[in-house]
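The values are calculated or read from the model by the stated rules, or taken from the named source; none is laboratory data. Treat the numbers as computed from the prediction; the structure is a model and nothing was measured. So basically every Cβ, Gly included, is an ideal-geometry build from the backbone, and we count neighbours across all protein chains shown. Surface accessibility is based on the protein's heavy atoms, side chains included, excluding ligands, DNA and RNA. Shrake-Rupley method; radii C 1.70, N 1.55, O 1.52, S 1.80 Å.
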Amino acid sequence: MGRAFEYRKARKLKRWGHMARVFTKIGKEIEIAVKAGGADPSGNTRLRILIQNAKAENMPKENIERAIKRATDKDAADYKEVIYEGYGPHGIAFLVETATDNTNRTVASLRMYFNKCGGTLGNSGSVAFMFEHKCVFKFRAPEGTDLEELELEMIDLNVDEFYPEEEAITVYAPYESFGAIQKWIEDKGFETISGESVRIPVDTKELTPEERESVEKLQERIEEDDDVVNVYTNMREPEEEEGAEE
């Protein structure tokens, strides 16, 4: 799961082609967080973690500060987080997370993408049950930390996947544990690299290279939309297939 998520993230960044688009999307998330919980990171857990995520993506400090300032402007756009669901070519499920100030525009655009690429935009709940809502954290623990003891402690926080690697530790847990895990990491004095919400497909569907190409065409069209934050599918990724063969 961890490696597949990293693969999807790397591929997404490559598709966007330049960091400006990434910064725009992170900026919207920061604005939503500020409006929901205030502009002070010390009292706004979500904002604090988004700032860390922004830094992990090399987003300049001035861009972060501008996003926070925009959110405190009374004339700022009122972004809402809306999830859209549908089916792409070959019955592949799509779950699309957006941050939009105009849902009519967003739904019209998404319906057009699905229709042009052989898919169908569905109703709320049509595919959400096919995905588990998880949180994923990357953090650094001091050298010499007992990893077995650390894993046992995190199991008590409902962490169900624990990947200790040389550069960082990655953990997955049900999304409901996001706040508790973030607080635990901070209380321990560990360095948080990033913390995110992800949607993991319960089962994945294997496609031929030709079929995968048609699904990726739709995925790329959706990801290029400025209102879209994340796109998830239940298409099996190449690295998952390789792992299944080993």
Review point. Going by the conditions given, is Gly119 in contact (Cβ under 8 Å) with a residue 60 or more places away in the chain and either within 19 Å of the chain's Cα centre (by Cα) or more than 16 Å from Asn230 (Cα to Cα) (or both)?
Key: yes
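Results for (1) assigned to a helix (DSSP H, G or I); (2) at pLDDT 95 or above, shown as yes or no for each residue.
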{"position": "Gly86", "(1), (2)": "no, yes"}
{"position": "Phe94", "(1), (2)": "no, yes"}
{"position": "Ala99", "(1), (2)": "no, no"}
{"position": "Val107", "(1), (2)": "yes, yes"}
{"position": "Leu110", "(1), (2)": "yes, yes"}
{"position": "Tyr113", "(1), (2)": "yes, yes"}
Practice item. Could you tell me whether any residue of segment 87-94 is closer than 17 Å to Glu216 by Cβ and aliphatic (A, V, I, L, M)? Key: yes
Check your understanding: Does segment 158-171 contain at least one residue that is in contact with a Leu (Cβ under 7 Å, 6 or more places away or on another chain), assigned to a strand (DSSP E or B) and either free of Cβ contacts under 8 Å to residues at least 40 places away in the same chain or crowded, with 16+ Cβ neighbours inside 10 Å (or both)?
Key -> yes
Review point. Say we look at segment 175-198 and pick out the residues that are open to solvent by 40 Å² or more (accessible area, probe 1.4 Å) and not in a helix (DSSP H, G or I); which of these is farthest from Arg48 (Cα to Cα)?
Key: Gly189
Check your understanding: If you take the residues of segment 98-110 that are open to solvent by less than 30 Å² (accessible area, probe 1.4 Å) and not small (Gly, Ala, Ser), which of them is nearest to Lys134 (Cα to Cα)?
Key -> Thr98
**Study point:** Test: Glu220 is at pLDDT below 95, more than 22 Å from Ala33 (Cβ to Cβ) and within 17 Å of the chain's Cα centre (by Cα)
**Key:** yes
Practice item. Would you be able to tell me the number of residues in segment 199-211 that are farther than 30 Å from Glu81 by Cα and surrounded by 15 or more Cβ atoms within 10 Å (Cβ to Cβ)? Key: 2
Exercise for review: Of all residues in segment 126-143, count the ones that are open to solvent by less than 50 Å² (accessible area, probe 1.4 Å) and in a strand (DSSP E or B).
Suggested key: 6
Check your understanding: Is it true that Ala10 is at pLDDT below 90 and either among the small types (Gly, Ala, Ser) or open to solvent by less than 10 Å² (accessible area, probe 1.4 Å) (or both)?
Key -> yes
Point to revise | Sole exception among (1) assigned to a helix (DSSP H, G or I); (2) at pLDDT below 90; (3) open to solvent by 60 Å² or more (accessible area, probe 1.4 Å) for Phe23, by number | key: (3)
Check your understanding: Tally time: how many residues in segment 33-43 are closer than 22 Å to Asp101 by Cα and either open to solvent by less than 20 Å² (accessible area, probe 1.4 Å) or free of Cβ contacts under 8 Å to residues at least 24 places away in the same chain (or both)?
Key -> 5
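Quick one: count up the residues across segment 44-63 that are open to solvent by 60 Å² or more (accessible area, probe 1.4 Å) and free of Cβ contacts under 8 Å to residues at least 24 places away in the same chain.
Looking only at segment 44-63, we keep the residues that are open to solvent by 60 Å² or more (accessible area, probe 1.4 Å), and these are 46, 55, 58, 61-62.
Next cut, free of Cβ contacts under 8 Å to residues at least 24 places away in the same chain only: 46, 55, 61-62.
Residues meeting the conditions: 4.
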Check your understanding: Is one or more of the residues making up segment 220-228 open to solvent by less than 40 Å² (accessible area, probe 1.4 Å) and free of Cβ contacts under 8 Å to residues at least 60 places away in the same chain?
Key -> no
